[in-house]
Amino acid sequence: MYPELKLFIAGEWRTTRRDMAVVNPATEQELGRLPCAEQSDLDDALDAAERGFRLWSRTSPRDRSDTILRAAALMRERQEEIARSITLEHGKPLTQARMEVIRGAEFFEWDAGEAMRTYGRVIPAAQGHKFTVHHQPIGVVAAFSPWNFPMSQPARKIAGALASGCSIILKAAEETPAGAVHIARAFADAGLPAGVLNLVFGDPAEISSHLIPQEPVRLVAFTGSTPVGRHLTTLASQHMTSVLMELGGHAPVIVCEDTDVRAAATSGAIRKMRNAGQVCTSPTRFFVNDAIFETFTETFVTRAAKTVVGNGMDTGIEMGPLANDRRIPALTALVEDARSKGAIVATGGARHGDTGYFFQPTVLVNVPDDARIMQEEPFGPIAVINSVTSLDDAITQANSVPYGLAGYAFTNQADYIDRMIDEVEVGNLSINTLEASMPETPFGGVKSSGYGREGGSEGLDNYMTIKNVWHSSNIV
């Protein structure tokens, strides 16, 4: 079920002299060989993207929308094939991979609709004069997607670019390339003109340093870690190139005393372990009111410990492996640092088994502020549960990190909700749910979690420029 991996440039599939192994994180066995782009491949992609932009930017919004919808329909038809590829290369349970394919298709479907709603406006003016505002595609997009969602993360970038009338060169993640390959195949089969979508893989530093300074590239769209995002932003700024950055998070969860404690704890434990915690919006820092702290913690720990861990291709699995072997020592170090500073390891805390990149569902309790995990996103199946004395205390703790991507709260008190809407420093706040966004809602962060938005009616803004036109009936 795993596809043959190739680059997709100028409407054609190609291999290269250099390649690398793609490994199944559950078995540590090689799945296939991934070609790595050389400079000549990147130059070909740039040339193709320039030609593709000239054609696609002049294609009517209706025709662009129709092509995107045809591709999305093919992705839905191929859901099982794509999902199995994702599970093999990423490790997530097959049920979650199937959901990711549908979510990716939904991003395309929403932006296909938005393609026909990039309205301008007419501004009232004196007689004989007309002011109009036009939204136009920005140009060639250089996009970079991460490994944690092999299908839906590339979908966000491609959908926004194509719906806006831009062409795109996507560098997808080398650990999990199949999702992007399947997307490119769907668009090729849907009749997308050659050069509008180009897909490359290879050394991230080589590719970014070569593509971003090129004059045709007018937008850098990146999802990934904050340090890499800062580096790419600096590189883009040297060439006055716009950026769209969705960077790291460290999501707080405020649990108030009026909530259904056991329901909130159970929901939190299940969602924390989804995708093995490898989600930028994963609920991680739980700040629980003193009055319900003991009950919440007991319920959360019990449910987390029951998480069924294993190969995502097996029936009944709730959590698969980490995506690569580098994550195991990274998570182990965070746990040991917290333990050395007085935190209680209530469950887990170590590698799970001796084959595959599995890590135990882990809960740390009463973690001191100076522990690394209080400031560093674990990006793994580790939750922190600390007690707070009041909503003031909870909001202060929630805002104590430099990140602000997603935040969550459990409460039914209107005054609490109003305060959190006003005071919690995140781009996405969810109350009584741990779902951060939908295709129809804008998604992005504040502070060191980046800027710009994907999704919603705002999702195409970064992919377009605004042109003001002043037309006078007479020469003045």
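Where a number appears in this text, it was derived from the coordinates with a stated rule and is not lab data. These numbers were taken from a predicted model, which means no experiment stands behind them. Here Cβ is always computed from backbone atoms with ideal geometry, including for glycine, and neighbour counts include all displayed protein chains.
For the stretch 188-201, putting each phi into the Karplus relation 6.51 cos²θ - 1.76 cosθ + 1.60 with θ = phi - 60° gives couplings of 4, 6, 7, x, 5, x, 4, x, 6, 10, 10, 10, 10, 9 Hz, in residue order, rounded to whole numbers and with x for Gly and Pro. In terms of its C-alpha gyration tensor, the stretch 174-266 has an oblate overall shape, because the principal axis ratio a/c (a ≥ b ≥ c, square roots of the eigenvalues) is not below 1.5 and a/b does not outweigh b/c. Think of the chain as a dipole: +1 on every Lys or Arg Cβ, -1 on every Asp or Glu Cβ, centred on the Cα centre; then among Ile431, Ala172, Gly268, Ala172 lies furthest on the positive end. Structure note, pairs Lys92/Lys272; Lys157/Lys272; Lys92/Lys171; Lys157/Lys467: Cα-Cα distances above 18 angstrom occur for Lys157/Lys272; Lys92/Lys171; Lys157/Lys467. Computed from the mean reciprocal separation of all distinct C-alpha pairs, what Kirkwood hydrodynamic radius does the stretch 184-225 have, in Å? Across the stretch 184-225, the inverse of the average 1/r is 12.4 Å. Dipole size of the chain about its Cα centre, with +1 on Lys/Arg Cβ and -1 on Asp/Glu Cβ: approximately 1060 debye, rounded to the nearest 20. Counting only DSSP beta bridges with both residues in the stretch 251-438, the antiparallel share comes to about 15 percent.
Count Lys and Arg as plus one, Asp and Glu as minus one, and take only other residues whose Cβ is under 13 Å from that of Arg271; the net charge is then +1. Fewest neighbouring Cβ atoms within 10 Å first, the residues Met240, Met151 line up as Met240, Met151. Entry note, the stretch 1-130: relative contact order of 23 percent, from Cα contacts under 8 Å with a spacing of 6+ residues.
In a simple Cβ point-charge model (Lys, Arg +1; Asp, Glu -1; nothing else charged), the stretch 251-438 has a dipole of about 800 debye relative to its Cα centre.
Peptides 11-22, 68-79, 401-412 ranked from most to least packed, by the mean per-residue count of other Cβ atoms within 10 Å: 401-412, 68-79, 11-22.
A protection proxy built from the mean count of other Cβ atoms within 10 Å ranks the segments 50-63, 97-110, 128-141, most packed first, as 97-110, 128-141, 50-63. For the stretch 252-330, the relative contact order is 34 percent, taking Cα pairs closer than 8 Å that sit 6 or more residues apart in sequence and dividing their mean separation by the residue count. What residue among Ala21, Ser208, Ala97 has its Cα farthest toward the positive end of the dipole of the chain, where the charges are +1 on Lys, Arg and -1 on Asp, Glu, each on the Cβ? Of Ala21, Ser208, Ala97, it is Ser208. Candidates Asn324, Phe222, Ala126 compared by Cα position along the dipole of the chain: farthest toward the positive end lies Ala126, with charges placed on Cβ.
Just to confirm a number: summing +1 for Lys and Arg and -1 for Asp and Glu over residues other than Gly249 whose beta-carbon lies under 12 angstrom from that of Gly249, what do you get? Computed value for this residue: -2. Calculated [222 nm] ellipticity per residue, helices only, for the chain: -11500 deg cm²/dmol; basis is -39500 (n - 2.57) per DSSP H run with n ≥ 4, divided by all residues, nearest 500.
Over every Cα atom in the chain, the radius of gyration and the widest Cα-Cα span, Dmax, amount to 23.2, 80 Å. The 3J(HN,Hα) values that the Karplus relation (6.51, -1.76, 1.60; θ = phi - 60°) gives for the stretch 364-381 are, in residue order, 10, 10, 6, 8, x, 4, 8, 6, 4, 5, 6, 10, 10, 5, x, 6, x, x Hz. Gly and Pro appear as x. In a solvent-free Debye calculation with one equal scatterer on each Cα, what is log10 I(q)/I(0) for the stretch 251-438 at q = 0.12 Å⁻¹, listed in the order of the q values? Debye intensities relative to I(0), on a log10 scale: -0.52.
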